Amino acid sequence: MPNPKWRHSKQRKRKRRTHYKAETPQLATCKATGVTHIMHHAYWHEGKMYYRGNVVIAGAPEEAAAE
């Protein structure tokens, strides 16, 4: 395997890597609840966890939570 003949400076390496930046997350609006959330992620709304418009985890009943 070929190896570099000359050393590359830290500045040169960092200039090359400046293009790798974190992009802003893509947001979606749920048709069932109307909540804005990150696409392809589950989200909490009113004590329930939703994913793709369906309840994945139902929260504790309000009577038990009040006690």
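Just a few scattered comments:
- Computed over the chain, the per-residue total of -39500 (n - 2.57) for DSSP H runs of n ≥ 4 gives a 222 nm mean residue ellipticity of -4000 deg cm²/dmol, rounded to 500.
- Annotation: amide H-H contacts under 5 Å for H45 (H modelled 1.01 Å from N, sequence separation of 5 or more, or interchain): Y50.
FYI, it's all coordinate maths here, none of it is from the lab. None of the values given here were measured: they were computed from a predicted structure.
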